[in-house]
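S.K.: This structure is in structure tokens; I'll ask about it shortly.
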Amino acid sequence: MKPCIYIDGAAGTTGLEIHARLGTREDIELLRISENERKNLLARTQLLNEADVVVLCLPDEAAREAVAHIDNPAVRVLDASAAHRTAAGWAYGFPELDPGQRRVLHGASLVSNPGCYPTGFLALIRPLTRAKIIPPDFPLTVNAVSGYSGGGRAMIEEFENTSSPHFTHAVVRTYALDVSHKHVPEMQKYAHLVHPPLFAPNVGRFYRGMIVEVPLQLWALPGQPTPAAIHDVLAEAYAQEALIDVAPRDDVRSTLDAEMLKNSDRMNLFVFGNEKTGQARLIAVLDNLGKGASGAAVQNLNIMLGLPESQGLH
């Protein structure tokens, strides 16, 4: 029998994108709820307990409430919200994070999908902390800009609906100026850092796509690694990965476009450096709705079910 999947919150930005990737597949069955019952708790609870895998595309508190309504021990959960990303008992859904992570996800009953910003940050930093090039107590900064779809319906309205009281003419605006963001705990935990990285997020006037950058003072690291050495560690870490590409060491482009991977479920990594100054810029480019959200969820779902990992991905 085909595995049955129920997307709770399929009308939201992430849910719609997951549904688009799953809707035409013949190797799974999507359980659907009628529009007039979408907010009917009894109808939702029934589907939550009938599915083989429930995909939660809900606000954080609603995701916690949905999990509480699942009493069928056979139901597995893939949560696309931030509610369970550092919670005990939940596997972190970044298959490329560490060797053996896919095995963990395949056997897990509870999987939490990563955030879009942490996906770029961890792809750049985890291989370097694992190789002990970056010590766990090293201070790190993350600069990033995302398309406004990353903020869901409220932020989409802010940038698109001119009649909204929250409409903005901003081209790029920064936020989280209190130096606090819900993505930071997962960045710190899964990069194996003693201190939280300093996170400087921005949102731009484009719908989808993102750039995540980690600048490094190589002269301050033990052994003062060269940009080439940093590149080699990343290239080796992702050499066999289908969805993560490390640009060649001789990539000399002078600009990167946050939209270069829009509508794709891939991620590209870049290392630019200056040996004379002992500095480097590590950059990840991805679609915040692709590898940063819905594409990652479908990849995790495939792994959980033992299906081809790239099935249904762009």
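S.K.: The conditions are (1) surrounded by fewer than 21 Cβ atoms within 10 Å (Cβ to Cβ); (2) more than 23 Å from HIS106 (Cα to Cα); (3) in contact with an Asp or Glu (Cβ under 8 Å, 6 or more places away or on another chain), and ALA284 fails exactly one of them. Which is it?
M.R.: Answer for ALA284: the failing condition is (1).
S.K.: Name the residue that is nearest to ASP71 (Cα to Cα), counting only residues in segment 106-115 that are surrounded by 22 or more Cβ atoms within 10 Å (Cβ to Cβ) and touching a strand residue (DSSP E or B) at 6+ places or on another chain (Cβ under 6 Å).
M.R.: By that ranking, first place goes to VAL111.
Let's see how each residue does on (1) at pLDDT 95 or above; (2) more than 27 Å from GLY151 (Cβ to Cβ):
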residue	(1), (2)
GLU29	yes, yes
GLU35	no, no
ASN49	yes, yes
VAL53	yes, no
CYS57	yes, no
ALA62	yes, no
GLU65	yes, no
ASN72	yes, yes
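S.K.: Could you look through segment 1-56, keep only residues that are in a strand (DSSP E or B), in contact (Cβ under 8 Å) with a residue 40 or more places away in the chain and not aliphatic (A, V, I, L, M), and pick out the one that is surrounded by the fewest Cβ atoms within 10 Å (Cβ to Cβ)?
M.R.: CYS4
S.K.: Of all residues in segment 190-243, count the ones that are of a type in the set (S, T, N, Q) and either free of Cβ contacts under 8 Å to residues at least 24 places away in the same chain or within 30 Å of ASN161 (Cα to Cα) (or both).
M.R.: 2
S.K.: For segment 205-222, check the following and say yes or no: at least one residue is modelled with pLDDT of 95 or more, part of a loop (DSSP other than H, G, I, E, B) and polar (S, T, N, Q).
M.R.: The answer is no; no qualifying residue exists.
S.K.: Right, next: What pairs can you find where one residue is in segment 261-279 and in contact (Cβ under 8 Å) with a residue 40 or more places away in the chain and at positive phi, the other is surrounded by fewer than 20 Cβ atoms within 10 Å (Cβ to Cβ) and part of a loop (DSSP other than H, G, I, E, B), and their Cβ atoms are less than 8 Å apart, with a gap of 6+ or different chains?
M.R.: From residues that are in contact (Cβ under 8 Å) with a residue 40 or more places away in the chain and at positive phi, the pairs are ASN263/HIS314; GLY278/GLN224.
S.K.: Among the acidic types (Asp, Glu), within 17 Å of ASN143 (Cβ to Cβ), surrounded by fewer than 17 Cβ atoms within 10 Å (Cβ to Cβ) and at pLDDT 95 or above - does that describe any residue in segment 257-273?
M.R.: Yes, the conditions are met somewhere in segment 257-273.
S.K.: In segment 181-211, what residues are within 17 Å of ALA293 (Cβ to Cβ) and aliphatic (A, V, I, L, M)?
M.R.: Correct list: MET187, VAL203, MET210, ILE211.
S.K.: Would you be able to tell me the number of residues in segment 272-288 that are out of contact with any His (no Cβ under 9 Å at 6 or more places or on another chain) and among the acidic types (Asp, Glu)?
M.R.: 1
S.K.: Being modelled with pLDDT of 95 or more and either among the hydroxyl-bearing types (Ser, Thr, Tyr) or closer than 24 Å to ALA62 by Cβ (or both): is that true of VAL104 here?
M.R.: No, not satisfied.
S.K.: Just to verify a result, which residue in segment 137-178, among those that are surrounded by 14 or more Cβ atoms within 10 Å (Cβ to Cβ), among the β-branched types (Val, Ile, Thr) and under 14 Å from TYR207 (Cα atoms), is farthest from the chain's Cα centre (by Cα)?
M.R.: Only one residue fits best here, namely ILE156.
The values are calculated or read from the model by the stated rules, or taken from the named source; none is laboratory data. Here the structure is a predicted model, which means the values were calculated and not measured. Quick reminder, even Gly has a Cβ in these numbers, built from the backbone with ideal geometry, and neighbours come from all protein chains shown.
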